[in-house]
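Following: one structure in structure tokens, then a few remarks.
The values are calculated or read from the model by the stated rules, or taken from the named source; none is laboratory data. Just so we're clear, the structure is a prediction, and the values are computed from it rather than from any experiment. Note: ideal-geometry Cβ built from the backbone for every residue, glycine included; neighbour counts use all protein chains shown.
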Amino acid sequence: MSLRKVYLAKSVANEAVDGWLDDHAVIIDQERIESVLPRSQLPGDIAESAEVHDLGNVSLLPGLIDAHCHMHCAAVADSLEHALTDTDQQLTMRAVTAMRKALLAGTTTIRDIGSRNDVAFPVREAIKSGTIPGPRLLVSGQPITITAGHCWFFSSQADTADEVVTAVRTQIRLGADLIKVMATGGMFTPTANPARPQYSTETLSAAVEEAERVGIPIVAHTLAAEGVQRCVDAGVHHHIHARWRARDPDLTLDYRPDVVARIVDLGHWVDPTIGHIFRGTLANHQRAGKEGSAASASTDAHLALLRCMDEAGVRFTSGLDMGMPHAPHDGTAANAWAFVDWMGWSPWRALETMTRATSEAIGLADTVGQIKPGLVADLAAFDGDPAADIRQLDIASSVVQAGKLVKLNHQTLV
């Protein structure tokens, strides 16, 4: 069988992911893109030297990328109960199923930033070896949190700077692609306070220094203004959520433009994680028999500050917080819906963020994120035109991972 493959589509995203190439072909040699050219320029005998698949009247994009996943979390209302009580074996089986669902939806690369070590690392290796289907995975393994802190039930609990450094080194030894630190409390954990920081700037700095020693990034969960401030001061590379809750409950929010300016100057990325909130709001409206997906008053306040950050030049990634309520592992397209409906972005900007921008953020710009010669052939085809209607970006009709078809015209092949 030929190692070369040709995928034809009515619309193919250009290299910048800001426009369509009409009626083009993507030619793949083994797992990498060899060339992209008009169908009319294909040799007449191409079928004799390559395996040709005409995907039809679809929009062909680079495979979607999601930078915020918890592969073993249940993505249901009682996800916390599952996280507290399920065994590693149960969590692993759920993670295997979830990663297959994500891939078949068109998400070909995922960054998991919080799953138990005994689940995250074996699942990553099983996908790499071809034992199970799933997206390309970058994993942090267990996040690092204080005793009884946010997500303590699948985290490494460490309180002092020395304990945190040891926890970082342990994740590095296990093969972590990045380090995740819970810099503030969170909504998912009853014993954590989302309005208060969990670590001092000095402790966060020690963690950053240790991660940078071996050249891997560090990301931090931040729901409070003081936590964001400390992460910026410590040099944390990526800010997850980046909310501005105030320590003083009478203030509610405490937006700090000077801190945002430093995020921009330092080139740090922010994962705003609004897709799962959008999905939850949409589901609530549908249950109530209403149209639209209007945000609640509290969500509106957070969105207003995210828009301020956007206007200031902060770079955003896609990230659904997969595994949390309203964040199913095949639902990453909701990130794009939220960017368009709630942030006021154009569909093309949302699509570029879901692909090219997030590949840069997670350090894979030379591997995936564009339909470009030399890059790995990760492709996702969608019925309709998501550049005209972003809701057309949902579950992919065809998916190619590393040049191999895993789904064709809604039929799964793995």
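Points worth noting:
- Restricting attention to segment 20-30, the residues that are in contact with a Gly (Cβ under 7 Å, 6 or more places away or on another chain) and crowded, with 16+ Cβ neighbours inside 10 Å add up to 1.
- The requirement of being modelled with pLDDT of 95 or more, buried (at least 20 other Cβ atoms within 10 Å of the Cβ), under 22 Å from residue 317 (Cα atoms) and not hydrophobic (A, V, I, L, M, F, W, C) is fulfilled somewhere in segment 201-221, by at least one residue.
- Evaluation of residue 17 against (1) touching a helix residue (DSSP H, G or I) at 6+ places or on another chain (Cβ under 7 Å); (2) among the hydrophobic types (A, V, I, L, M, F, W, C); (3) surrounded by fewer than 16 Cβ atoms within 10 Å (Cβ to Cβ) (one fails), failing number: (3)
- When 363, 319 are screened for being buried (at least 22 other Cβ atoms within 10 Å of the Cβ), in a loop (DSSP other than H, G, I, E, B) and of a type in the set (Gly, Ala, Ser), only 319 passes.
- Any chance residue 52 is surrounded by fewer than 19 Cβ atoms within 10 Å (Cβ to Cβ), β-branched (Val, Ile, Thr) and within 25 Å of residue 136 (Cα to Cα): yes
- Some residue of segment 221-241 being part of a helix (DSSP H, G or I), touching a Gly at 6+ places or on another chain (Cβ under 8 Å), small (Gly, Ala, Ser) and under 28 Å from residue 360 (Cβ atoms): no
- Enumerated strands (runs of 3 or more DSSP E) restricted to segment 1-63, each holding at least 1 residues that are acidic (Asp, Glu) and assigned by TED's automatic domain parsing to the domain that holds residue 386: 20-29, 32-38, 51-54
- Residue within segment 207-214 that is within 14 Å of residue 141 (Cβ to Cβ), among the small types (Gly, Ala, Ser) and touching an Asp or Glu at 6+ places or on another chain (Cβ under 9 Å) present: no
- Filtering segment 145-180 to residues that are farther than 14 Å from residue 120 by Cβ and surrounded by 21 or more Cβ atoms within 10 Å (Cβ to Cβ) leaves 145, 146, 149, 150, 158, 164, 167, 168.
- Every condition in (1) at pLDDT 95 or above; (2) surrounded by fewer than 22 Cβ atoms within 10 Å (Cβ to Cβ) is met by residue 183 except one, and the failing one is (2).
- Among the conditions (1) farther than 23 Å from residue 32 by Cβ; (2) surrounded by fewer than 23 Cβ atoms within 10 Å (Cβ to Cβ); (3) assigned by TED's automatic domain parsing to the domain that holds residue 26; (4) in contact with a Ser or Thr (Cβ under 7 Å, 6 or more places away or on another chain), residue 386 misses just one, which is (2).
- Pairs where the first residue, in segment 252-264, is in the same structural domain as residue 306 (by TED's automatic domain parsing) and the second is aromatic (Phe, Trp, Tyr) and surrounded by 13 or more Cβ atoms within 10 Å (Cβ to Cβ), C-beta under 8 Å, 6+ apart: 253/244; 254/244; 255/244; 256/244
- Flag if residue 121 is of a type outside the set (S, T, N, Q), under 20 Å from residue 96 (Cα atoms), assigned by TED's automatic domain parsing to the domain that holds residue 221 and touching a residue at least 60 places away in the same chain (Cβ under 8 Å): no
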